[in-house]
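Novice: Take a look at this one; I'll ask things after.
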Amino acid sequence: MLKSRMIKTIFMAILLLSCTATNAYASMFELEIVPISIIKKDPSAYDSTMAYRKISVIGNLSELSKQSATITDNSNSLKIETSRIELFEGFNVSEQTLITGEFIYEPIAESTLIPTYVLHYPIEDMGIVNISEIIADSPSHNGKYMTVVGNISSMEMTMGRYTIIIMDNGNNTLKVYYYGSTDLAPGDVVKIFGLYNGKALHSESIGMNKSPLSLSTLVPGFSSIIGAIAIISMALLLKSRQRND
């Protein structure tokens, strides 16, 4: 009887914690979404030269070239700078797109959005992708989220971020940008989740690649800290019940 109650209690705790963790996700590449019509009404309010900020806009690409692009939402259009044309690799005219970047207001000229990230919209997560697949067909992966696994061959801190090169078993390499802090080092086998854009993976999370049988793999978002709290709580609860029985 006690064993049955113990299993049920642990299962419910894991279920609750997994739901809490997975619902807390928010992307660093999808910032405040501002309709183009609102930008047109009050462009100075979104001018990043006055108060540095990044915003996101959603619309259909009505023009795309190495010189410039245009994103349109209903009858409202916004010019997009394309000096980093690799951000748009695999995108086509008429395709719905989410662009995050800096809006530059020009009172006597055409205002422009300078893109930092370009995403397919609706947002797409490709799941686990092999590095070799990305190398073989970069355009079809560009602007989408994915998870990759590889061995860190090099890493260095530049411009406030880590530039990491990861390698698979076939010696295929992928550049990764990571904007947080980490104790990882060359030689570690890691699993990375992020946005692939402009021939680099912009990572939101990076960590050691754990065993498929680990709790964090079976229950996405279940961290080691939360796991320790859950185990201690279950132990105290069971000890209390044993005394009462």
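Each reported figure results from applying straightforward, stated rules to the coordinates on display, with no laboratory input. Small disclaimer: the values here were computed from a predicted structure and weren't measured. Ideal geometry is used to build each Cβ from the backbone, glycine not excepted, and the neighbour counts take in all protein chains shown.
Novice: Go ahead and collect, in residue order, the members of region 100-129 whose backbone nitrogen is under 20 Å from a label point 7 Å along the Cα-Cβ direction of Ser48.
Specialist: Taking a point 7 Å out along Cα→Cβ of Ser48, the residues of region 100-129 whose backbone N falls under 20 Å are 100-121.
Novice: Which aspartates and glutamates have a Cα lying under 20 Å from the Cα of Lys175, excluding residues fewer than 8 positions away in the same chain?
Specialist: Candidates past the 8-residue exclusion: Glu86, Glu89, Asp125, Glu133, Asp137, Glu156, Asp183, Asp188, Glu204.
Novice: Assuming 0.36 nm per residue, please report the length gained on full extension of the stretch Thr70 to Glu124 beyond their Cα-Cα distance. Walk me through the numbers before you get to the answer.
Specialist: Values: separation 54, 0.36 × 54 = 19.44 nm, distance 2.20 nm.
Going from the current span to full extension adds 17.2 nm.
Novice: Separate question: Determine the dipole magnitude for region 125-208: charges of +1 sit on the beta-carbon of Lys and Arg, -1 on that of Asp and Glu, nothing else is charged, the reference point is the Cα centre, and the result goes in debye to the nearest 20.
Specialist: Working: 5 positive and 8 negative charges, 35 e Å.
Computed charge dipole of region 125-208: roughly 160 debye.
Novice: Hey, another quick one. Given contacts defined as C-alpha pairs under 8 Å and at least six residues apart, what's the relative contact order of region 125-208, whole-number percent?
Specialist: It rounds to 29 percent for region 125-208.
Novice: Let me ask something else. Along the positive direction of the dipole of region 125-208 (beta-carbon charges: Lys, Arg +1; Asp, Glu -1; about the Cα centre), which of Leu195, Ile152, Asn172 reaches farthest?
Specialist: Leu195
Novice: What does the highest-first list of 186-195, 143-152, 45-54 look like by mean Cβ count within 10 Å? Spell out each step's value before the answer.
Specialist: Details: 186-195: 17.4, 143-152: 19.9, 45-54: 14.0.
In descending order of packing, they fall as 143-152, 186-195, 45-54.
Novice: List the equivalent ellipsoid semi-axes of region 125-208 in whole Å, largest first, each obtained as the square root of 5λ for an eigenvalue λ of the Cα gyration tensor.
Specialist: Details: eigenvalues 69, 40, 25 Å².
One finds semi-axes of 19, 14, 11 Å for region 125-208.
Novice: Could you sort out which of Lys66/Lys191; Lys40/Lys199; Lys144/Lys210; Lys54/Lys144; Lys41/Lys199 sit more than 26 Å apart by Cα distance in this structure?
Specialist: On the way: Lys66/Lys191 34 Å; Lys40/Lys199 32 Å; Lys144/Lys210 24 Å; Lys54/Lys144 19 Å; Lys41/Lys199 35 Å.
Violating the 26 Å Cα-Cα cut-off are Lys66/Lys191; Lys40/Lys199; Lys41/Lys199.
Novice: Can you figure out the FRET efficiency of Val93 with Asn151, using R₀ = 45 Å and their beta-carbon distance, to the nearest 0.05? The partial results should precede the final answer.
Specialist: Working: r = 39 Å, r/R0 = 0.87.
That pair, Val93 with Asn151, gives E of 0.70.
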